[in-house]
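Q: Pasting a structure below so you can have a look.
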Amino acid sequence: MGFRDRGLLQPGYVADLVLFDPDTVTDHADMVQPTALSEGILQVWVNGQEVWRDGETMGNLPGKAVKR
């Protein structure tokens, strides 16, 4: 898509990362509860900022719409 600041973990680049254990990840969402949270997601970073840790949100929303 022509992005120049993505795709590598290095200073100055945008990073979205999910740390998880594939042996413990479980999806609980279904047709009745489509927004039920998954288990086993340890940490999530969006635009290089931690937004999720051990089942709790960090309260920040650093995400942006990606336009081409």
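Q: What are the residues whose amide H is under 5 Å from the amide H of W52, where those residues sit 5 or more places off or on another chain and H is modelled from the backbone?
A: V44, M58
Q: I would also like to ask the following. For a quick check, take a GNM of the chain with Cα springs below 10 Å and name the residue from G40, G12, G55 with the largest mean-square fluctuation.
A: In the Gaussian network model the winner is G12.
Q: May I ask which residue of V18, T35, G7 lies farthest towards the positive end of the charge dipole of the stretch 1-53, with charges of +1 (Lys, Arg) and -1 (Asp, Glu) on Cβ and the Cα centre as origin?
A: G7
Q: Under the Karplus relation 6.51 cos²θ - 1.76 cosθ + 1.60, θ = phi - 60°, what is the ordered set of whole-Hz ³J(HN,Hα) values for the stretch 9-26, x standing for Gly and Pro?
A: Calculated HN-Hα couplings, in order: 9, 7, x, x, 9, 8, 10, 10, 9, 10, 9, 8, 9, x, 7, 10, 5, 9 Hz.
Q: Here's another thing I want to ask about it. Over the stretch 1-53, what is the relative contact order in percent, taking alpha-carbon pairs closer than 8 angstrom and at least six residues apart?
A: Details: 74 pairs, mean separation 16.5, N = 53.
Averaging sequence separation for qualifying contacts and normalising by length gives 31 percent for the stretch 1-53.
Q: Amide H neighbours of Y13 under 5 Å, counting only residues 5+ apart in sequence or on other chains, H built in-plane at 1.01 Å?
A: Sorted by chain and number, the residues that satisfy this come to none at all.
Q: If the only charges are +1 at each Lys and Arg Cβ and -1 at each Asp and Glu Cβ, what is the size of the charge dipole of the chain around the Cα centre, to the nearest 20 debye?
A: Values: 6 positive and 10 negative charges, 142 e Å.
Roughly 680 debye, rounded to the nearest 20.
Q: Over the Cα atoms of the chain, compute the convex hull volume and normalise it per residue, giving Å³. Walk me through the numbers on the way to the answer.
A: On the way: hull volume 9.3 nm³, N = 68.
It comes to 136 Å³ per residue, whole-number rounded.
Each value in this text was obtained by applying a stated rule to the coordinates, not by laboratory testing. Worth saying up front: this structure is predicted, and the values here are computed from it rather than measured. When we count neighbours, we look across all protein chains shown, and the Cβ atoms used for this are built from the backbone with ideal geometry, even at glycine.
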